[in-house]
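Undergrad: Sharing a structure below in structure tokens format, with a few things to ask.
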Amino acid sequence: MARWLAAPTRRPVRGIFAPSIAQPLGKIGHFSALLRELANTGICVPEIGFGTWNYSGGVEPLRAAIECGACLIDTAEAYGTEEIVGKAIKGQRDRVFLATKVLPRNFKQRDLIAAAERSLRRLGTDHIDLYQLHWPNLTIPIEEPMRGMEKLVDEGKVRFIGVSNFSVRDLINAQAVLAKQRIVANQVRYSLVERTIEGGLLQYCQKNGITVIAYSPLATGLGNIRAADPEGVLRKVAEAACKSKAQVALNWCISRENVIAIPKASTVAHVMEDVGASGWKLQLELARLLEERMRYRRRGPFEIGARRAVRWGMQMIGHCQ
Ligand SMILES: NC(=O)c1ccc[n+]([C@@H]2O[C@H](COP(=O)([O-])OP(=O)(O)OC[C@H]3O[C@@H](n4cnc5c(N)ncnc54)[C@H](OP(=O)(O)O)[C@@H]3O)[C@@H](O)[C@H]2O)c1
């Protein structure tokens, strides 16, 4: 059984990879990501993991992340990075919590199973820890992918079922057709400057024990946070907390109950810095400054509905991502 399964806990605990930290990459010894329970599974995952969309950093940054216990690595069949992830985890599969995703165009049961087999081959492993539906497909009944998912779990090829970009309604519908399994995670956009999920989705996930995996937690780049922060609040808070801006931005995300974050970092230096977002808490008044003085976007129901309608239209004419 994989090593990261060994410490079931309901509370954050210090990373369980401590003995291996600092050996190959000596100077990183003092960093380690705290763990959090995935949904109510009794399984721990790091509160900072790493994503690989647009990733071009090679194996070293991903290996550094694993060394720090930030061993949740997220990829997708759409990213073209499953092979490099497979290369990075080679020889240490049992230290990694591996998450990947299937595209909506592959949501028919048979297509989903074939897509999973292809991902397994590219990743060089016999199981995916978290297999996620990348986006809702509004043209294929949700029973189709969920039956495929349960079959993959039965066969031991998938450990946990997740989704991404699902609304509350999508989550309810998807869970309703699962016979034996639970949806353990919803991967959604969340950062200091993009807080749409606070309009109800975050609260639903928290109430129902679904882990929120925050994607684009650095708003796809610190420049985008700066653009929404003309007063330089993030810089001031970072200076006061003796942390970097990226660390404060990530720490803000994971300070939410049930939320973990998966920044993308293409260099070992960025990985190390991002892992340093774990394991501490911002003082209340500094957190309040971020909350009250930074501009952020929260899409309303009309915009959400309009975007959904566009997606449905695109999927109807075969432009299924
Ligand atoms: N499910 C979905 O639909 C979906 C959509 C988008 C993203 N995602 C997932 O979420 C992951 C992360 O999101 P993202 O890639 O969109 O954006 P992000 O993590 O918010 O931002 C990535 C950018 O931040 C930079 N960065 C990382 N650490 C930094 C640091 N310490 N200091 C300064 N800059 C730093 C990166 O630079 P370097 O690359 O140069 O290090 C990169 O330019 C993706 O890789 C993917 O796995 C999922």
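Okay, residues lined up against (1) away from the ligand (no atom under 15 Å from the Cβ); (2) outside any helix (DSSP H, G or I); (3) in contact (Cβ under 8 Å) with a residue 24 or more places away in the chain:
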| residue | (1), (2), (3) |
| --- | --- |
| R169 | yes, no, no |
| A185 | no, yes, yes |
| L202 | yes, no, yes |
| A219 | no, yes, yes |
| N224 | no, no, yes |
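Undergrad: Is it the case that I161 is outside any helix (DSSP H, G or I), surrounded by 20 or more Cβ atoms within 10 Å (Cβ to Cβ) and either without any contact (Cβ under 8 Å) to a residue 40 or more places away in the chain or over 20 Å from the mean Cα position of the chain (by Cα) (or both)?
TA: Against the criterion (outside any helix (DSSP H, G or I), surrounded by 20 or more Cβ atoms within 10 Å (Cβ to Cβ) and either without any contact (Cβ under 8 Å) to a residue 40 or more places away in the chain or over 20 Å from the mean Cα position of the chain (by Cα) (or both)), I161 qualifies.
Undergrad: Scan segment 83-104 and tell me whether some residue there is buried (at least 18 other Cβ atoms within 10 Å of the Cβ), of a type in the set (D, E) and touching a residue at least 24 places away in the same chain (Cβ under 8 Å).
TA: Here is the first cut: in segment 83-104, the residues buried (at least 18 other Cβ atoms within 10 Å of the Cβ) are 84-86, 88-89, 96-104.
Subset that is of a type in the set (D, E): none.
Checking segment 83-104: not a single residue is buried (at least 18 other Cβ atoms within 10 Å of the Cβ), of a type in the set (D, E) and touching a residue at least 24 places away in the same chain (Cβ under 8 Å).
Undergrad: Need at least 2 residues that are more than 20 Å from F50 (Cα to Cα), modelled with pLDDT under 90 and within 24 Å of the chain's Cα centre (by Cα) per element, so show me which helices (runs of 4 or more DSSP H) inside segment 266-321 make the cut, counting only ones lying wholly within it.
TA: It comes to 301-316.
Undergrad: Going by what's in this entry, would G80 be described as more than 11 Å from the ligand (Cβ to nearest atom) and out of contact with any Ser or Thr (no Cβ under 7 Å at 6 or more places or on another chain)?
TA: Considered against the rule, which asks whether it is more than 11 Å from the ligand (Cβ to nearest atom) and out of contact with any Ser or Thr (no Cβ under 7 Å at 6 or more places or on another chain), G80 comes out as yes.
Undergrad: Within segment 121-162, restricting attention to residues that are of a type in the set (S, T, Y) and touching a helix residue (DSSP H, G or I) at 6+ places or on another chain (Cβ under 6 Å), which residue is farthest from L103 (Cα to Cα)? Spell out how you get there, then give the answer.
TA: Within segment 121-162, the first condition is being of a type in the set (S, T, Y), and the residues that meet it are 125, 131, 139.
Keeping just the survivors that are touching a helix residue (DSSP H, G or I) at 6+ places or on another chain (Cβ under 6 Å) gives 125, 139.
Working: T125: 20, T139: 13 Å.
The extreme case among them is T125.
Undergrad: If you go through segment 240-256, how many residues are polar (S, T, N, Q), buried (at least 20 other Cβ atoms within 10 Å of the Cβ) and within 8 Å of the ligand (Cβ to nearest atom)?
TA: Adding up the residues that qualify gives 1.
Undergrad: Can you name the number of the only condition in (1) over 22 Å from D154 (Cα atoms); (2) more than 14 Å from the ligand (Cβ to nearest atom); (3) crowded, with 17+ Cβ neighbours inside 10 Å; (4) without any contact (Cβ under 8 Å) to a residue 40 or more places away in the chain that A115 fails?
TA: Result: A115 passes all but (1).
Undergrad: Residues being under 12 Å from V268 (Cα atoms) and within 10 Å of the ligand (Cβ to nearest atom): count how many of those fall in segment 57-77.
TA: Here the count works out to 2.
Undergrad: Continuing with the same structure: Is it fair to say P145 is within 13 Å of the ligand (Cβ to nearest atom), farther than 18 Å from I262 by Cβ and surrounded by 16 or more Cβ atoms within 10 Å (Cβ to Cβ)?
TA: So P145 does not fit the description; no.
Undergrad: Of the residues V259, V271, only one is of a type in the set (V, I, T), touching a Cys at 6+ places or on another chain (Cβ under 9 Å) and near the ligand (Cβ under 9 Å from one of its atoms); which? Quick ask: steps written out before the conclusion?
TA: Numbers: V259 fails: near the ligand (Cβ under 9 Å from one of its atoms).
Selected residue: V271, the only one of V259, V271 that is of a type in the set (V, I, T), touching a Cys at 6+ places or on another chain (Cβ under 9 Å) and near the ligand (Cβ under 9 Å from one of its atoms).
Undergrad: For segment 106-158, what are the residues that are under 18 Å from D94 (Cβ atoms), charged (D, E, K, R) and in contact with a Phe, Trp or Tyr (Cβ under 9 Å, 6 or more places away or on another chain)?
TA: If the condition is that a residue be under 18 Å from D94 (Cβ atoms), charged (D, E, K, R) and in contact with a Phe, Trp or Tyr (Cβ under 9 Å, 6 or more places away or on another chain), then D129, K157 are the ones that fit.
Undergrad: Criterion first (in contact (Cβ under 8 Å) with a residue 12 or more places away in the chain, more than 15 Å from the ligand (Cβ to nearest atom) and not basic (K, R)) does W312 satisfy it?
TA: Answer is yes for this residue.
The values are calculated or read from the model by the stated rules, or taken from the named source; none is laboratory data. Keep in mind it's a predicted model, so treat the numbers as computed, not measured. FYI the Cβ positions are ideal-geometry reconstructions off the backbone, even for glycines, and counts take in every protein chain you see.
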